[in-house]
Each structure stands twice: as structure tokens, then as C-alpha cells.
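Read the structure below first, then the notes.
The values are calculated or read from the model by the stated rules, or taken from the named source; none is laboratory data. Nothing here was measured: the structure is a model prediction, and the numbers come from that model. As a convention, Cβ positions derive from the backbone with ideal geometry for all residues, glycine included, and neighbour counts pool all protein chains shown.
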Amino acid sequence: MLTVQEYLTTSYEADREYVDGELLERHSGEQPHTRVHGVVASLLCVEILCRLDTPARLNEKLSDYFQMGVRYVWVLDPLSKRAFCYTPGEMREVLDGVLRTNNPDIAVPLADAFEE
């Protein structure tokens, strides 16, 4: 079992994802930049930043997600406790404390997302 802090401060090759305390190999498809990370029926991906993430890497992931048809990407920064909601062509910081989607309506309190 791995702690969230240990996962966030460690780099893995090939990229891995953290699910319920376990490290799982991330299936990257047949195209070199395709990523599958928290995809739920092409509705939502959740990306958790670590100190090694760069704006260029995040932009690449966002582009990949939207090309796959994902409608929402929630980007969480556990160090600053800030979150951003991306949709195709739009980015907004979550200032009201609730991560949201529409159609279907999903609302997750930001405090729950950062709960350890």
C-alpha cells in the first residue's frame, strides 16, 4: 500500500496511476501520446498534479483527453489545495469549493477531493 504523499513525490516509468493505494500500469493505447486516466464514459478525467508536472505536459494531457471526447477534466493541485475545471476551450478555477459537471450533474466538494 502506498500513501498519496509517497505517490506524489515519486516518478514512475512507464507512467502509473494511483488507485485505492495501489499502483497500476497506465494503459497508453496504440498511439504514443494517448493516455487513459480516470476516464468515465468520456465524461470526466481527474488529473492530480505532482511537483514534476509541467505546463507543457498538462497541456498535452488535456489535448489528448479532449481528442478522446472527454467533456470535463478536473485538475487538482494537492500542494496548493487548488482545483481547475477544464472543458474544451475553457478553463476556470474552482472558487466556490465544488467540482461540477453538467448533464449529468455531478458535484464533489473540493474538501472531499483533498481529504487524506
Worksheet item: Which residues, counting only those in segment 50-71, are under 10 Å from the mean Cα position of the chain (by Cα) and at pLDDT 90 or above?
Response: Leu58, Leu62
Item to complete: Pick out the one residue from Leu95, Leu76 that is modelled with pLDDT of 95 or more and either in contact with a helix residue (DSSP H, G or I) (Cβ under 8 Å, 6 or more places away or on another chain) or among the hydrophobic types (A, V, I, L, M, F, W, C) (or both).
Response: Leu95
Item to complete: Identify, from the list Asp64, Asp53, the residue that is part of a loop (DSSP other than H, G, I, E, B) and either touching a His at 6+ places or on another chain (Cβ under 9 Å) or surrounded by 14 or more Cβ atoms within 10 Å (Cβ to Cβ) (or both).
Response: Asp53
Worksheet, complete the sentence: Heads up, the strands (runs of 3 or more DSSP E) in segment 68-114 (entirely inside) with at least 1 residues that are touching a Phe, Trp or Tyr at 6+ places or on another chain (Cβ under 7 Å) and among the polar types (S, T, N, Q) are 82-87, 98-101
Discussion item. For segment 20-30, check the following and say yes or no: at least one residue is surrounded by fewer than 16 Cβ atoms within 10 Å (Cβ to Cβ), among the hydrophobic types (A, V, I, L, M, F, W, C) and either at pLDDT below 85 or on the phi > 0 side of the Ramachandran plot (or both).
Written reply: yes
